[in-house]
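Here is the structure we will look at.
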């Protein structure tokens, strides 16, 4: 399991709904921001991964647990880490916090399959493996 | 567990991303459309539930499993059903299909807490109970 | 100037903001829905125009005048018409109304350039010209 | 006319569409980000303006001219300035640039009416007037 990578965003008016809080689907947008910035902090660009290496990190599963509402103009900290790396799949976990209080607003998880531009599963290109060392199988057993 | 309630939408250009498919967060928007139309088909308006009865169906958990991509201009069938009704919570399950082929594109689930405008949990008002008969406890046991 | 083409949508919760009204950028999404449904009612599919004829209706200008707010769950009528057809450009006008009252909520306009997949301007393919007869030049003079 | 206030954002995957560029309605979201950050840099919080002073900056008109596409992961500079301040209205102009090249991607304008929570027009509260000095009438004449 990797360390957490962190990135900050400010809640946009567009992201609120008439309940006066952030609309629930937008947390998945924030997860995506967290993934992309994680990749950048690791040392590579997801844009290049798509364009140069024909490798798309396609989402297969997503989940979110909402604990406290996020409000307009809140400073949000997105914490992302890699929880599982397989030959063709990557799993991420997320924490969404309000700053500066550090209140935990939501947690989530996504599972992804590496695909080519035709949406066919493929192995993660070797050049990216250093960023995503294979999760030992005994960990997988421990999870089960 | 209730029957499925169905509603149809057309995929908007705005809902696609540069992978050429519907962006993953938009399925949660579709789930919300499915819930609201389910309420309307059951016989009440969610708008009124908020405004007249100070009862908000606040999301606590959401998950989606993506099986096949949805494309721009696809005719989408959203199938929604109530899978659990408790005093203060409601659980829904969703199926997203492409029409007319009927291919299953995604499945999902959401859990909600009934809250007042101040985001405090409350019981579902009695007038709505007929739409959401309490799930027998033995069902809950069977689920576990 | 063409007749108006009409399509109806229901305001989604996701489209509202914390002011309790539809967020202003979403009217441009509705304009796009209006254009696509106009094309379908005219007799062709915009999806096919992109995929088969390598012709993209790329937006160059957009404007909207907001008169009354749209609310969650409102039934919205989108009225769209073609106001100018040139060799490489198309112009549309829109009216957004609340049903059944018919209140005018917003009006807008968009200007588009026909482009290929590499974003290079091109003439509208001949097969689509019947849907978009060239606007007479005297009309253009009258506009000026 | 005020100076330009600047803020930077990164293009999100969610903001692209299947043309491989940023979907046109999202520029209006960026304009809103520009306005809010302008207010913050001027010295006040729009959130507080709504909550404490019951003053909403309601959009009445918006327009955008799209010059070059914005792409996924682009670093975007949003430049915002106040172009007109009246008793009850504010007008803003925007420039959207790609960094670090400085290419101009889009320009736009919005007109707003100050309203209370019931959507009734009101004068800008006196405490905010220092940030928005009244535009001299001769300027207005020069504009016409």
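Read the figures in this text as sums done on the coordinates, not as results from a lab. Model, not experiment: these values are computed from the prediction. Every residue, glycine among them, receives a Cβ derived from its backbone with ideal geometry; neighbour counts consider all protein chains shown.
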Within the bounds of segment A:84-101, is there any residue that is over 10 Å from the mean Cα position of the chain (by Cα) and at the interface with chain B (Cβ under 9 Å from one of its Cβ atoms)? no
Return the only residue of D:126, D:99, D:95, D:109 being exposed (fewer than 13 other Cβ atoms within 10 Å of the Cβ) and within 17 Å of residue D:33 (Cβ to Cβ). D:99
Among B:41, B:18, the single one that is over 25 Å from residue B:120 (Cβ atoms) and away from chain A (no Cβ under 11 Å) is B:41
Test each condition in (1) closer than 19 Å to residue A:130 by Cβ; (2) surrounded by fewer than 21 Cβ atoms within 10 Å (Cβ to Cβ); (3) away from every other protein chain (no Cβ under 11 Å); (4) more than 11 Å from the chain's Cα centre (by Cα) for residue A:48 and report the one that comes out false. (3)
Mind listing whichever residues of segment A:57-81 are surrounded by 19 or more Cβ atoms within 10 Å (Cβ to Cβ), within 8 Å of another protein chain (Cβ to nearest Cβ) and in contact with a helix residue (DSSP H, G or I) (Cβ under 7 Å, 6 or more places away or on another chain)? A:62, A:64, A:72
